[in-house]
Amino acid sequence: MLVLALAGAACGGSSDGPPANGVAAPTSIVEAAAPPSSSSTTTRPCQPAPLQDRAATVLAVGIHNATAAEAPVAASVASLGLGGVLLLGTNIVHADQARALIAGLRERSPRGLLVAVDEEGGRVSRLRPILGRTPSARTLGQRALADIATVAAERGGVLRDLGFDLVLAPVVDADGGPAGGAVGDRAFGTTPAEAGPRAAAFAEGVQRAGVAATAKHFPGQGGLPDSHDGQVISETPLARLRADAIAAFGPVFDAGVGAVMMSHVTYRALGPLPASLEPAAYELLRSLGFGGVAITDAVGMEAIVEQWSLPEATVLALNAGADLVLATPGDKAAAMRDGLVAAVADGRLPESRLDEAAGRVLALRGEDPAAMVCR
(Lines give C-alpha, C1' and ligand atoms only; values in the text may rest on other atoms or scores of the structure.)
Protein backbone atom coordinates (compact mmCIF):
# COMPACT_ATOMS: atom_id res chain seq x y z
CA MET A 1 0.00 0.00 0.00
CA LEU A 2 0.90 3.66 -0.19
CA VAL A 3 4.40 4.54 -1.36
CA LEU A 4 5.30 0.98 -2.25
CA ALA A 5 1.92 0.50 -3.88
CA LEU A 6 1.72 3.76 -5.78
CA ALA A 7 3.48 2.40 -8.83
CA GLY A 8 1.57 -0.86 -8.69
CA ALA A 9 -1.79 0.77 -8.13
CA ALA A 10 -1.89 1.96 -11.72
CA CYS A 11 -0.66 -1.29 -13.28
CA GLY A 12 -2.56 -4.54 -13.50
CA GLY A 13 -0.98 -7.97 -13.71
CA SER A 14 -0.53 -9.71 -17.05
CA SER A 15 -1.86 -13.05 -18.19
CA ASP A 16 -1.59 -15.22 -21.29
CA GLY A 17 -5.22 -16.30 -20.96
CA PRO A 18 -8.37 -14.49 -22.11
CA PRO A 19 -9.20 -11.25 -20.35
CA ALA A 20 -11.41 -11.56 -17.31
CA ASN A 21 -14.01 -9.19 -18.75
CA GLY A 22 -14.38 -11.24 -21.89
CA VAL A 23 -13.30 -8.43 -24.23
CA ALA A 24 -10.61 -9.50 -26.67
CA ALA A 25 -7.34 -7.58 -26.63
CA PRO A 26 -6.29 -5.72 -29.82
CA THR A 27 -4.66 -8.07 -32.30
CA SER A 28 -2.35 -5.49 -33.88
CA ILE A 29 -0.66 -2.17 -33.20
CA VAL A 30 -2.97 -0.57 -35.75
CA GLU A 31 -6.08 -1.86 -33.97
CA ALA A 32 -4.72 -0.77 -30.60
CA ALA A 33 -4.05 2.74 -31.90
CA ALA A 34 -7.35 3.17 -33.74
CA PRO A 35 -9.55 5.89 -32.20
CA PRO A 36 -12.93 4.80 -30.82
CA SER A 37 -15.94 5.55 -32.98
CA SER A 38 -17.82 8.76 -32.19
CA SER A 39 -20.95 6.76 -31.39
CA SER A 40 -19.20 5.04 -28.47
CA THR A 41 -17.81 8.11 -26.75
CA THR A 42 -19.40 10.68 -24.50
CA THR A 43 -17.71 13.84 -23.33
CA ARG A 44 -18.42 14.40 -19.67
CA PRO A 45 -17.07 17.33 -17.69
CA CYS A 46 -15.15 16.40 -14.59
CA GLN A 47 -17.26 16.61 -11.44
CA PRO A 48 -15.07 17.28 -8.40
CA ALA A 49 -16.15 16.09 -5.00
CA PRO A 50 -17.91 18.67 -2.83
CA LEU A 51 -15.57 21.34 -1.53
CA GLN A 52 -16.18 20.24 2.04
CA ASP A 53 -15.03 16.72 1.21
CA ARG A 54 -11.86 17.93 -0.47
CA ALA A 55 -11.10 20.17 2.49
CA ALA A 56 -11.51 17.24 4.89
CA THR A 57 -9.07 15.17 2.82
CA VAL A 58 -6.12 17.44 3.67
CA LEU A 59 -6.51 17.01 7.44
CA ALA A 60 -5.18 14.36 9.83
CA VAL A 61 -6.10 14.58 13.51
CA GLY A 62 -5.90 12.66 16.76
CA ILE A 63 -8.73 11.11 18.76
CA HIS A 64 -7.81 12.31 22.26
CA ASN A 65 -7.71 9.38 24.72
CA ALA A 66 -10.12 7.11 22.85
CA THR A 67 -9.21 3.43 22.74
CA ALA A 68 -12.29 2.21 20.84
CA ALA A 69 -13.81 3.39 17.57
CA GLU A 70 -17.24 3.78 19.16
CA ALA A 71 -15.94 6.39 21.61
CA PRO A 72 -17.67 9.70 20.78
CA VAL A 73 -14.60 11.62 19.64
CA ALA A 74 -13.27 8.70 17.59
CA ALA A 75 -16.61 8.08 15.90
CA SER A 76 -17.03 11.80 15.19
CA VAL A 77 -13.56 12.14 13.67
CA ALA A 78 -13.98 9.04 11.52
CA SER A 79 -17.33 10.25 10.17
CA LEU A 80 -15.80 13.46 8.75
CA GLY A 81 -14.02 11.68 5.90
CA LEU A 82 -10.63 13.10 6.80
CA GLY A 83 -7.39 12.35 5.05
CA GLY A 84 -6.04 10.54 8.09
CA VAL A 85 -6.08 9.84 11.80
CA LEU A 86 -3.08 9.92 14.13
CA LEU A 87 -2.92 7.46 17.03
CA LEU A 88 -0.85 8.31 20.10
CA GLY A 89 0.25 6.32 23.13
CA THR A 90 -3.00 7.05 24.97
CA ASN A 91 -4.89 5.23 22.21
CA ILE A 92 -2.89 2.00 22.44
CA VAL A 93 -3.46 -0.69 25.09
CA HIS A 94 -2.51 -3.97 23.39
CA ALA A 95 -2.35 -5.48 19.91
CA ASP A 96 -5.90 -6.82 19.61
CA GLN A 97 -7.31 -3.54 20.91
CA ALA A 98 -5.23 -1.53 18.42
CA ARG A 99 -6.39 -3.71 15.51
CA ALA A 100 -10.02 -3.33 16.53
CA LEU A 101 -9.65 0.44 16.93
CA ILE A 102 -8.08 0.88 13.51
CA ALA A 103 -10.58 -1.41 11.79
CA GLY A 104 -13.44 0.40 13.49
CA LEU A 105 -12.18 3.81 12.42
CA ARG A 106 -11.98 2.65 8.83
CA GLU A 107 -15.47 1.15 8.97
CA ARG A 108 -16.88 4.47 10.17
CA SER A 109 -15.09 6.59 7.58
CA PRO A 110 -17.09 7.38 4.42
CA ARG A 111 -13.90 7.06 2.34
CA GLY A 112 -10.30 5.86 2.60
CA LEU A 113 -8.32 6.74 5.70
CA LEU A 114 -4.61 6.98 6.45
CA VAL A 115 -3.94 5.65 9.94
CA ALA A 116 -0.67 7.04 11.24
CA VAL A 117 1.46 6.61 14.35
CA ASP A 118 4.43 8.53 15.71
CA GLU A 119 6.71 5.51 16.18
CA GLU A 120 10.38 6.46 15.96
CA GLY A 121 11.65 4.02 18.55
CA GLY A 122 13.54 4.99 21.68
CA ARG A 123 11.78 7.65 23.74
CA VAL A 124 9.22 8.43 21.02
CA SER A 125 7.39 5.12 20.96
CA ARG A 126 3.59 5.10 20.98
CA LEU A 127 3.46 1.31 20.62
CA ARG A 128 5.60 0.40 23.61
CA PRO A 129 2.82 -1.83 25.05
CA ILE A 130 3.16 -3.90 21.88
CA LEU A 131 6.78 -3.47 20.76
CA GLY A 132 8.41 -3.22 24.17
CA ARG A 133 11.53 -1.07 24.53
CA THR A 134 13.21 -0.23 21.24
CA PRO A 135 16.60 1.40 20.54
CA SER A 136 16.88 5.11 19.89
CA ALA A 137 17.89 6.33 16.46
CA ARG A 138 21.26 7.36 17.91
CA THR A 139 21.88 3.80 19.08
CA LEU A 140 20.50 2.22 15.93
CA GLY A 141 22.57 4.59 13.81
CA GLN A 142 25.77 2.95 15.06
CA ARG A 143 24.86 -0.24 13.18
CA ALA A 144 25.38 -1.09 9.51
CA LEU A 145 22.87 0.32 7.04
CA ALA A 146 21.59 -3.16 6.20
CA ASP A 147 20.97 -3.84 9.89
CA ILE A 148 19.07 -0.56 10.28
CA ALA A 149 16.86 -1.50 7.34
CA THR A 150 16.23 -4.96 8.78
CA VAL A 151 15.19 -3.58 12.15
CA ALA A 152 12.91 -1.07 10.45
CA ALA A 153 11.36 -3.76 8.26
CA GLU A 154 10.60 -5.89 11.31
CA ARG A 155 9.02 -2.93 13.06
CA GLY A 156 7.13 -2.03 9.91
CA GLY A 157 5.78 -5.56 9.73
CA VAL A 158 4.25 -5.16 13.18
CA LEU A 159 2.75 -1.82 12.19
CA ARG A 160 1.29 -3.28 9.02
CA ASP A 161 -0.19 -6.24 10.91
CA LEU A 162 -1.91 -3.84 13.30
CA GLY A 163 -3.39 -1.90 10.39
CA PHE A 164 -1.18 1.21 10.24
CA ASP A 165 -0.16 2.49 6.84
CA LEU A 166 1.82 5.62 7.72
CA VAL A 167 4.56 6.07 10.31
CA LEU A 168 5.86 9.51 11.32
CA ALA A 169 9.49 8.43 11.16
CA PRO A 170 12.41 8.56 10.56
CA VAL A 171 13.88 11.72 12.05
CA VAL A 172 16.37 13.03 9.48
CA ASP A 173 17.69 15.91 11.61
CA ALA A 174 21.32 15.72 12.69
CA ASP A 175 22.11 16.24 16.37
CA GLY A 176 25.17 15.39 18.43
CA GLY A 177 24.00 17.18 21.57
CA PRO A 178 22.53 15.81 24.81
CA ALA A 179 20.35 12.74 24.37
CA GLY A 180 17.37 14.45 25.96
CA GLY A 181 17.40 17.49 23.65
CA ALA A 182 14.43 18.32 21.47
CA VAL A 183 16.00 16.06 18.83
CA GLY A 184 18.99 14.63 20.72
CA ASP A 185 19.06 10.83 20.56
CA ARG A 186 16.20 10.81 18.07
CA ALA A 187 18.81 11.62 15.39
CA PHE A 188 20.70 8.90 13.49
CA GLY A 189 23.86 10.98 13.18
CA THR A 190 25.71 14.05 14.37
CA THR A 191 26.01 15.60 10.89
CA PRO A 192 23.59 15.71 7.94
CA ALA A 193 25.96 13.51 5.92
CA GLU A 194 25.83 10.86 8.67
CA ALA A 195 22.12 11.14 9.45
CA GLY A 196 20.80 11.07 5.88
CA PRO A 197 21.90 7.60 4.71
CA ARG A 198 20.93 6.03 8.05
CA ALA A 199 17.50 7.62 8.01
CA ALA A 200 17.14 6.46 4.41
CA ALA A 201 17.92 2.88 5.43
CA PHE A 202 15.23 3.09 8.10
CA ALA A 203 12.71 4.47 5.61
CA GLU A 204 13.57 1.76 3.10
CA GLY A 205 13.03 -0.96 5.69
CA VAL A 206 9.68 0.39 6.86
CA GLN A 207 8.45 0.75 3.30
CA ARG A 208 9.64 -2.76 2.49
CA ALA A 209 7.04 -3.90 5.01
CA GLY A 210 4.30 -1.94 3.23
CA VAL A 211 4.14 1.10 5.50
CA ALA A 212 4.79 4.63 4.20
CA ALA A 213 7.54 6.54 5.99
CA THR A 214 7.62 10.25 6.88
CA ALA A 215 10.97 12.05 6.91
CA LYS A 216 11.15 14.85 9.47
CA HIS A 217 11.62 17.73 10.25
CA PHE A 218 12.36 19.61 7.01
CA PRO A 219 14.65 21.44 6.40
CA GLY A 220 16.32 20.22 9.61
CA GLN A 221 16.07 21.31 13.22
CA GLY A 222 18.74 19.34 15.04
CA GLY A 223 20.34 21.18 17.95
CA LEU A 224 17.53 23.74 18.21
CA PRO A 225 15.02 24.22 21.07
CA ASP A 226 11.65 22.48 21.15
CA SER A 227 8.86 24.13 19.14
CA HIS A 228 6.35 22.49 21.47
CA ASP A 229 7.28 25.24 23.92
CA GLY A 230 7.14 28.34 21.71
CA GLN A 231 8.69 30.09 18.74
CA VAL A 232 12.11 28.81 17.67
CA ILE A 233 14.27 30.92 15.36
CA SER A 234 17.24 29.78 13.26
CA GLU A 235 19.70 32.23 11.75
CA THR A 236 21.38 29.61 9.54
CA PRO A 237 22.34 31.18 6.18
CA LEU A 238 20.39 29.99 3.15
CA ALA A 239 23.36 28.33 1.43
CA ARG A 240 24.14 26.28 4.54
CA LEU A 241 20.47 25.45 5.08
CA ARG A 242 20.13 24.15 1.54
CA ALA A 243 23.39 22.20 1.63
CA ASP A 244 22.44 20.51 4.91
CA ALA A 245 18.97 19.69 3.59
CA ILE A 246 20.46 18.09 0.49
CA ALA A 247 22.91 16.02 2.53
CA ALA A 248 20.33 14.82 5.03
CA PHE A 249 17.08 14.58 3.07
CA GLY A 250 18.53 13.77 -0.35
CA PRO A 251 19.21 10.09 0.48
CA VAL A 252 15.75 9.75 2.00
CA PHE A 253 14.13 11.16 -1.12
CA ASP A 254 16.21 8.72 -3.18
CA ALA A 255 14.78 5.92 -1.02
CA GLY A 256 11.30 6.90 -2.21
CA VAL A 257 9.89 8.23 1.05
CA GLY A 258 6.21 9.08 0.59
CA ALA A 259 5.88 11.98 3.02
CA VAL A 260 7.95 14.75 4.59
CA MET A 261 7.08 16.56 7.81
CA MET A 262 7.74 20.29 7.89
CA SER A 263 9.41 21.87 10.91
CA HIS A 264 7.80 24.63 12.98
CA VAL A 265 11.15 26.43 13.28
CA THR A 266 11.31 29.91 11.77
CA TYR A 267 14.33 30.01 9.46
CA ARG A 268 15.12 33.68 8.87
CA ALA A 269 16.86 32.86 5.59
CA LEU A 270 13.56 31.50 4.24
CA GLY A 271 11.14 34.06 5.61
CA PRO A 272 9.32 35.34 8.69
CA LEU A 273 7.02 32.37 9.29
CA PRO A 274 7.58 28.89 10.75
CA ALA A 275 8.65 26.53 7.96
CA SER A 276 5.32 24.70 8.15
CA LEU A 277 3.59 27.96 7.14
CA GLU A 278 6.36 29.50 5.02
CA PRO A 279 6.02 29.29 1.20
CA ALA A 280 9.79 29.48 0.70
CA ALA A 281 10.26 26.33 2.82
CA TYR A 282 7.97 24.35 0.53
CA GLU A 283 9.69 25.84 -2.51
CA LEU A 284 13.00 24.57 -1.12
CA LEU A 285 11.47 21.14 -0.52
CA ARG A 286 10.13 20.85 -4.05
CA SER A 287 13.36 22.20 -5.55
CA LEU A 288 15.12 19.13 -4.15
CA GLY A 289 12.91 16.87 -6.23
CA PHE A 290 10.40 15.69 -3.65
CA GLY A 291 6.95 15.08 -5.17
CA GLY A 292 5.12 13.37 -2.33
CA VAL A 293 2.98 14.59 0.55
CA ALA A 294 4.22 17.52 2.64
CA ILE A 295 2.83 17.20 6.17
CA THR A 296 2.95 19.89 8.82
CA ASP A 297 4.19 19.07 12.26
CA ALA A 298 1.27 19.15 14.70
CA VAL A 299 -0.20 22.64 14.49
CA GLY A 300 -1.28 22.54 18.13
CA MET A 301 2.30 23.26 19.27
CA GLU A 302 2.99 26.55 21.02
CA ALA A 303 5.14 27.77 18.13
CA ILE A 304 1.90 27.92 16.13
CA VAL A 305 -1.01 28.45 18.52
CA GLU A 306 0.65 31.34 20.33
CA GLN A 307 0.13 33.28 17.08
CA TRP A 308 -2.71 31.62 15.15
CA SER A 309 -5.86 29.58 15.77
CA LEU A 310 -5.92 26.08 14.30
CA PRO A 311 -8.25 27.08 11.42
CA GLU A 312 -6.03 30.08 10.63
CA ALA A 313 -2.89 27.96 10.72
CA THR A 314 -4.55 25.38 8.47
CA VAL A 315 -5.30 27.96 5.79
CA LEU A 316 -1.80 29.43 6.03
CA ALA A 317 -0.23 25.97 5.73
CA LEU A 318 -2.26 25.02 2.65
CA ASN A 319 -1.51 28.36 1.02
CA ALA A 320 2.19 27.88 1.71
CA GLY A 321 2.30 24.43 0.10
CA ALA A 322 1.28 21.85 2.72
CA ASP A 323 -0.71 18.84 1.53
CA LEU A 324 -1.75 17.43 4.91
CA VAL A 325 -2.23 19.44 8.10
CA LEU A 326 -1.65 17.51 11.30
CA ALA A 327 -3.39 18.32 14.59
CA THR A 328 -3.80 16.21 17.71
CA PRO A 329 -7.08 17.71 19.01
CA GLY A 330 -9.73 15.85 17.03
CA ASP A 331 -12.54 18.10 18.22
CA LYS A 332 -11.08 20.92 16.11
CA ALA A 333 -11.24 18.99 12.82
CA ALA A 334 -14.61 20.31 11.67
CA ALA A 335 -13.56 23.91 12.37
CA MET A 336 -10.31 23.38 10.44
CA ARG A 337 -12.23 21.92 7.50
CA ASP A 338 -14.76 24.74 7.54
CA GLY A 339 -11.94 27.28 7.69
CA LEU A 340 -10.56 25.88 4.44
CA VAL A 341 -13.97 25.94 2.78
CA ALA A 342 -14.46 29.59 3.79
CA ALA A 343 -10.97 30.50 2.56
CA VAL A 344 -11.67 29.03 -0.88
CA ALA A 345 -15.07 30.72 -1.00
CA ASP A 346 -13.69 34.19 -0.29
CA GLY A 347 -10.53 33.85 -2.39
CA ARG A 348 -7.92 33.53 0.37
CA LEU A 349 -7.03 29.99 -0.75
CA PRO A 350 -6.98 29.00 -4.44
CA GLU A 351 -9.17 26.00 -5.12
CA SER A 352 -6.44 24.63 -7.36
CA ARG A 353 -4.03 24.56 -4.38
CA LEU A 354 -6.56 22.64 -2.29
CA ASP A 355 -7.07 20.20 -5.16
CA GLU A 356 -3.33 19.70 -5.59
CA ALA A 357 -2.99 18.86 -1.90
CA ALA A 358 -6.01 16.54 -1.85
CA GLY A 359 -4.70 14.77 -4.95
CA ARG A 360 -1.37 14.05 -3.29
CA VAL A 361 -3.07 12.69 -0.16
CA LEU A 362 -5.28 10.43 -2.27
CA ALA A 363 -2.23 9.14 -4.14
CA LEU A 364 -0.50 8.38 -0.84
CA ARG A 365 -3.58 6.40 0.16
CA GLY A 366 -3.29 4.42 -3.06
CA GLU A 367 -6.39 6.01 -4.58
CA ASP A 368 -6.98 7.72 -7.92
CA PRO A 369 -6.96 11.51 -7.39
CA ALA A 370 -9.37 11.88 -10.31
CA ALA A 371 -12.09 10.37 -8.13
CA MET A 372 -12.17 13.60 -6.13
CA VAL A 373 -10.32 16.42 -7.92
CA CYS A 374 -10.16 17.75 -11.47
CA ARG A 375 -6.64 18.70 -12.57
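Under the condition of being in contact with a Lys or Arg (Cβ under 9 Å, 6 or more places away or on another chain) and within 23 Å of V265 (Cα to Cα), the residues counted in segment 199-221 number 1. Give me the residue from segment 279-293 that is over 20 Å from A212 (Cα atoms) and not aromatic (F, W, Y) and, out of that set, surrounded by the fewest Cβ atoms within 10 Å (Cβ to Cβ). Here the answer is S287. Look at segment 247-271: where a residue is closer than 18 Å to Q207 by Cβ and a partner is surrounded by 23 or more Cβ atoms within 10 Å (Cβ to Cβ) and of a type in the set (K, R), sitting 6+ places away or on another chain with Cβ atoms under 6 Å, you get M261/K216.
Selection of segment 333-354 for residues being under 22 Å from the mean Cα position of the chain (by Cα) and among the hydrophobic types (A, V, I, L, M, F, W, C) yields A333, A334, A335, M336, L340, V341, L349, L354. Among the candidates R99, R198, the residue that is in a helix (DSSP H, G or I), of a type in the set (D, E, K, R), farther than 29 Å from D331 by Cβ and in contact (Cβ under 8 Å) with a residue 60 or more places away in the chain is uniquely R198. Every listed requirement among (1) touching a Gly at 6+ places or on another chain (Cβ under 9 Å); (2) among the small types (G, A, S); (3) buried (at least 24 other Cβ atoms within 10 Å of the Cβ); (4) part of a helix (DSSP H, G or I) is met by S276 save one, (1).
Scanning segment 132-149 for residues that are over 22 Å from the mean Cα position of the chain (by Cα), surrounded by 14 or more Cβ atoms within 10 Å (Cβ to Cβ) and assigned to a helix (DSSP H, G or I) yields R138, T139, L140, L145.
Considering segment 247-273, the residues that are part of a loop (DSSP other than H, G, I, E, B) and crowded, with 21+ Cβ neighbours inside 10 Å include one that is nearest to the chain's Cα centre (by Cα), namely G258. In segment 54-96, the residue that is nearest to L318 (Cα to Cα) out of those that are in a strand (DSSP E or B) and either modelled with pLDDT under 95 or out of contact with any helix residue (DSSP H, G or I) (no Cβ under 8 Å at 6 or more places or on another chain) (or both) is A60.
Select, from A116, A179, the only residue that is surrounded by fewer than 17 Cβ atoms within 10 Å (Cβ to Cβ) and either outside any loop (DSSP other than H, G, I, E, B) or touching a helix residue (DSSP H, G or I) at 6+ places or on another chain (Cβ under 6 Å) (or both).
Details: A116 fails: surrounded by fewer than 17 Cβ atoms within 10 Å (Cβ to Cβ).
Being surrounded by fewer than 17 Cβ atoms within 10 Å (Cβ to Cβ) and either outside any loop (DSSP other than H, G, I, E, B) or touching a helix residue (DSSP H, G or I) at 6+ places or on another chain (Cβ under 6 Å) (or both) holds for just one of A116, A179, which is A179.
The values are calculated or read from the model by the stated rules, or taken from the named source; none is laboratory data. Predicted, not measured: the structure shown is a model, and the values here were computed from it. Cβ: placed from backbone, ideal geometry, glycine included. Neighbour counts: every protein chain shown.
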